[in-house]
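Worksheet: one structure, shown below.
The values are calculated or read from the model by the stated rules, or taken from the named source; none is laboratory data. Quick caveat: nothing in here was measured; it's all calculated off a predicted structure. Surface accessibility is based on the protein's heavy atoms, side chains included, excluding ligands, DNA and RNA. Shrake-Rupley method; radii C 1.70, N 1.55, O 1.52, S 1.80 Å.
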Amino acid sequence: MLKDRYSRTIDYMRISITDRCNLRCIYCMPTEHIPLEFKKILTYEEIVRVVRVAAELGLRKIRLTGGEPLARKNVQHLIREIRKIKGIEDLSMTTNGVLLEKYAREIKDAGLDRVNVSLDSLRPDRYREITQGGDLGKILCGIEKAYQVGLQPLKINMVVVREINDDEIEDFAAITLNRPLQIRFIEFMPGRKNSWSAERCVSIKEIRERIIKRFGTLQPLKTRSNGPARYYRIPEAEGVIGFISPVTHHFCSDCNRLRVTADGRIRPCLFSRTEIDLGTAIRAGATDDELKRLLTLAVEVKPEGHRIGKHGDGSYISRGMSQIGG
Ligand code: SAM
Ligand code: SF4
């Protein structure tokens, strides 16, 4: 089992399998985004090796992300290969849903357990604006299909940005009344050139108050996930509501994860600039033991916490979110 200096168990890895995307969300991808050269992106074989070595060290959960993971060719193959690795208990994906209707059945059959779908508006025009071209109808069909084929629990992630979509908080919360979905509200995080400002970032405190104002009360759920979300339910609702507050209320003391960027760098913390270059080591012929040493080093240097959002601190996530995977 991997433990860091602060006694946190590290058993979860998020892997950005491509930095390319079929959308251009305004808060994520700068318009002048230049993708990494193809040859820099880890091959499926390399990703599988990283996961196998990490599983031997005690990693148990893998999330495929991006960029848009479903936009990378034959992701089913990658899922199948990761599924075979001894020790991996949970294999999930974060997707924008554009290709979900098309691939839900195949990725489920390949061995994926569940998906999180990012969705920031329920209004077609606004959705198109936020994503710079996305078709809301397609995403809703994708969510439906994913649910039907059993990619569950199905979570929907909404990034709330003031004056962009914050007037839809209550509409998203209302989805849980008669659908067994998890709707999760996420605070807008500062990234490179993504127009973040403290005013634009709607705090989870404010989001929660608005939901309570509309629906009367929110019951806290006892079952704590070991992720960053805190879960609640509107009384009698079928679904649940999750809150993720990376900016106003840090959850670093519970952090259980490492991230791998599309070009194979391990990021011990989303907000820190420290990266450990696994990709170059793999291509220079590193042995499994050497890769294990690098992974262990990443755990050792994992910082205790971050300062993003602290008053007067202008720090931001130093790489495009699509390369890191969110
Ligand atoms: N393309 C996939 C998707 O959109 O779900 C996966 C990659 S995306 C980078 C992963 C997650 O990061 C998404 O849920 C997205 O909303 C979130 N994200 C991107 N930029 C963000 C920001 N500035 N603040 C908060 N969340 C952000
Ligand atoms: Fe693409 Fe996801 Fe970023 Fe939107 S949030 S631009 S869908 S990677």
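Suppose a student asked you for the relative contact order of the chain, using Cα pairs under 8 Å spaced at least 6 residues apart; what percent would you report?
Value for the chain: 22 percent.
What's the angle, to the nearest 10 degrees (0 to 90), between helix 100-110's Cα axis and the longest principal axis of the chain?
The two axes meet at around 50 degrees.
Using a cut-off of 21 Å between alpha-carbon atoms, which lysines can reach Lys138, once sequence neighbours fewer than 8 places away in the same chain are excluded?
Lys73, Lys102, Lys108, Lys155
Arg52: accessible area at probe 1.4 Å, nearest 10 Å²?
In the full protein context, Arg52 sits at about 80 Å².
Can you pull the percent of the chain's accessible area that's carbon plus sulfur, 1.4 Å probe, other chains left in place?
50
Rounded to the nearest 5, what % of DSSP beta bridges with both residues in the chain are antiparallel?
So the antiparallel bridges amount to about 25 percent of the total.
Quick check of the Kirkwood formula: for the range 2-324, what is the inverse mean of 1/r over all pairs of different Cα atoms, in Å?
20.1
If I stretch the segment between Arg233 and Ala198 completely, what's the gain in nm (0.36 nm per residue apart, minus their alpha carbon distance), one decimal?
Contour length minus Cα-Cα distance gives 9.8 nm.
Kindly provide the helix-only [θ] at 222 nm of the chain, computed as the sum of -39,500 (n - 2.57) over DSSP H runs of four or more divided by all residues, to the nearest 500 deg cm²/dmol?
Value at 222 nm, helices only, nearest 500: -9000 deg cm²/dmol.
On C-alpha positions alone, give me the angle between the axis of helix 288-300 and the longest principal axis of the chain, in degrees, nearest 10.
With rounding to tens, the tilt is 40 degrees.
To check you understand DSSP bridge types, tell me what percent of the beta bridges within the range 81-231 (both residues inside) are antiparallel, rounded to 5.
Here the share of antiparallel DSSP bridges comes out near 5 percent.
Let me check against my output: what whole-number percent is the relative contact order of the range 89-145, with C-alpha pairs under 8 Å and at least 6 apart?
Relative contact order, the range 89-145: 47 percent.
What do you get for the angle between helix 136-149 and the principal long axis of the chain? Use alpha-carbon atoms, 0 to 90 degrees, nearest ten.
It works out to around 70 degrees.
Determine the per residue accessible area of the chain with all protein chains present and a 1.4 angstrom probe, expressed in square angstrom.
Per-residue accessible area for the chain comes out at 45 Å².
Determine which aspartates and glutamates satisfy two conditions relative to Lys40: a Cα distance under 14 Å, and not lying fewer than 8 residues away in the same chain.
Asp19, Asp263, Asp277
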